[in-house]
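The values are calculated or read from the model by the stated rules, or taken from the named source; none is laboratory data. Source: prediction; values computed, not measured. Note: ideal-geometry Cβ built from the backbone for every residue, glycine included; neighbour counts use all protein chains shown. Heavy atoms of the whole protein, side chains included, go into the accessibility calculation; ligands, DNA and RNA do not. Shrake-Rupley method; radii C 1.70, N 1.55, O 1.52, S 1.80 Å.
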Amino acid sequence: MMDKAKPKGTRTGFTTGACSAAAARACVLGLVEGLMPEAVQSLLPNGQRVRFEVQGGQLEGQGMARWARAYVVKDAGDDPDCTDKAHLTAEVRLLPQEPGVVRLLGGHGVGLVTMPGLGLEVGGPAINPVPRRNIEDNVREVGDSLLSEVGLEVCISVPQGLEMAKKTLNARLGILGGISILGTTGIVKPYSTAAFRASVVQGVEVAATTGAGVVVLTTGGRTEKFVMQELPGLPEACYVQMGDFLRYALDTAVSSGIAQVVIGGMVGKLTKIAQGETITHANRAEVDTGYLADLCAGIGVPPEVCEDIRNAETARYASERVEALGLVEAFHTALAQGVVRTLKGRYPHQFALRVLVCDFDGRKLAQAQCDSPLNQDQT
């Protein structure tokens, strides 16, 4: 799987979603071929194909009562992730009356969504949209011959999930009974390590050498893709995935003499930045929903909705409520302006700043900016 010879602090790993997809792929292959594989070449959401070892393979039953079970052990690389070594388990059964259908369920150790604001169905399993698609893509890729005659029910479970969830904020977010199945690329980068902080600093320093006078900071792969579409033509080295390390990125931009900083982000991370956090990791900083409620009040959101937002746990809940009111652009513009105000106060007269906001599908929602050198009002 991953190269364990890499220096400590730099080794990447796999997401819970990628491991779940690999386990599901192994089960479907077992049903198709009549023999459980010891390893699979699984498709990741980012298009890569990676070999996963398969553990605990079972193939039971006869005819339409056949079922398969297998698990993949998560390797989180050098990221200090509480789900490292989790057994991402898939069980696949035939649905004789539903040809072509792939139905995804959550089993033991996968959290149940009990509150809105996560972009997931309340009452359903905490399996995020990208992993859902990735699991289904792998199932359909190897199960075409089966799906022409029957449907397939895929149940993802995590035996250690309940205990692992106690080390997360899941319960506060309304995810009960287990962990979430996550991942947008399939790859876990060691965002919380000193090595990754160093790579952020290095990335900004390299951006300063391009002569473009700008560094584009993003929180991950989706936001980077978004800003690349918004700002085409810049040297590739100008784009730096800062992860959670805003302070290190901006301090380096200042020391390197970069004239313009662009920040691309989504509602959760941008809220943390606007409220004054400079390390935005979930374990280090929580979203201040009171801040969002006050922001909403300023754009005309009814008081009762503002109070609901104040009592919520996620920034996404606020964005969903304002969307229902037709105030998406106004809300996200106000949020972007909040980011500019906060950073204007922290880095006066240091660089021009532009904040670009996208949704969870990478669509532009709003922007705000402050012209050089952070001594004018944001627009």
Worksheet, complete the sentence: Here the membrane-span-like helices of the chain, with no claim about any membrane, defined by DSSP H, Cα axial extent at least 18 Å and mean Kyte-Doolittle at least 0.5, are 16-33, 194-208
Worksheet entry | Stretch gain in nm, segment Thr10-Leu231, where the contour uses 0.36 nm per residue and the Cα spacing is subtracted | 76.7 nm
Fill in: Tensor-based shape of the chain (alpha-carbon gyration tensor, a/c under 1.5 rounded, otherwise prolate or oblate)
prolate
Worksheet item: Quick one: putting +1 on the C-beta of Lys and Arg, -1 on the C-beta of Asp and Glu, what dipole do you get for the range 205-270 around its Cα centre, in Debye to the nearest 20?
Response: 160 debye
Worksheet entry | Violating pairs (Cα-Cα greater than 30 angstrom) within the set Lys85/Lys364; Lys85/Lys269; Lys74/Lys344; Lys167/Lys344 | Lys85/Lys364; Lys74/Lys344; Lys167/Lys344
Practice prompt. Determine the dipole magnitude for the chain: charges of +1 sit on the beta-carbon of Lys and Arg, -1 on that of Asp and Glu, nothing else is charged, the reference point is the Cα centre, and the result goes in debye to the nearest 20.
Written response: 720 debye
Worksheet item: Relative contact order (percent) for the chain, with alpha-carbon contacts under 8 angstrom and 6 or more residues of separation?
Response: 14 percent
Worksheet item: Where the centre of each part is set by its Cα atoms, how far does the range 109-150 sit from the range 204-261, in angstrom?
Response: 34 Å
Fill in: Formal net charge of residues neighbouring Leu292 (Cβ-Cβ distance under 10 Å; K, R +1; D, E -1)
0
Worksheet item: Sorted by mean Cβ packing within 10 Å, highest first, what order do the peptides 229-241, 72-84 take?
Response: 72-84, 229-241
Item to complete: Please say if the range 191-256 is rounded, prolate or oblate, where rounded means a/c under 1.5 for a ≥ b ≥ c the square roots of the C-alpha gyration tensor eigenvalues, and otherwise the choice is prolate for a/b larger than b/c and oblate otherwise?
Response: oblate
Worksheet item: Once you put a point 7 Å from the Cα of Arg247 and another 7 Å from the Cα of Glu121, both along the Cβ direction, what distance in nm separates them?
Response: 4.2 nm
Worksheet item: So, with a 1.4 angstrom probe, what is the percent of accessible area on the chain that is carbon and sulfur?
Response: 49 percent
Discussion item. Of the candidates Leu147, Leu335, Leu217, which one comes out as most mobile in a Gaussian network treatment of the chain with C-alpha springs shorter than 10 Å?
Written reply: Leu147
Worksheet item: Using the heavy atoms of the protein chains alone and a 1.4 angstrom probe, what is the accessible area of the chain per residue in square angstrom?
Response: 43 Å²
Discussion item. Could you order the peptides 316-329, 163-176 from most to least packed, using the average number of other C-beta atoms within 10 Å per residue?
Written reply: 316-329, 163-176
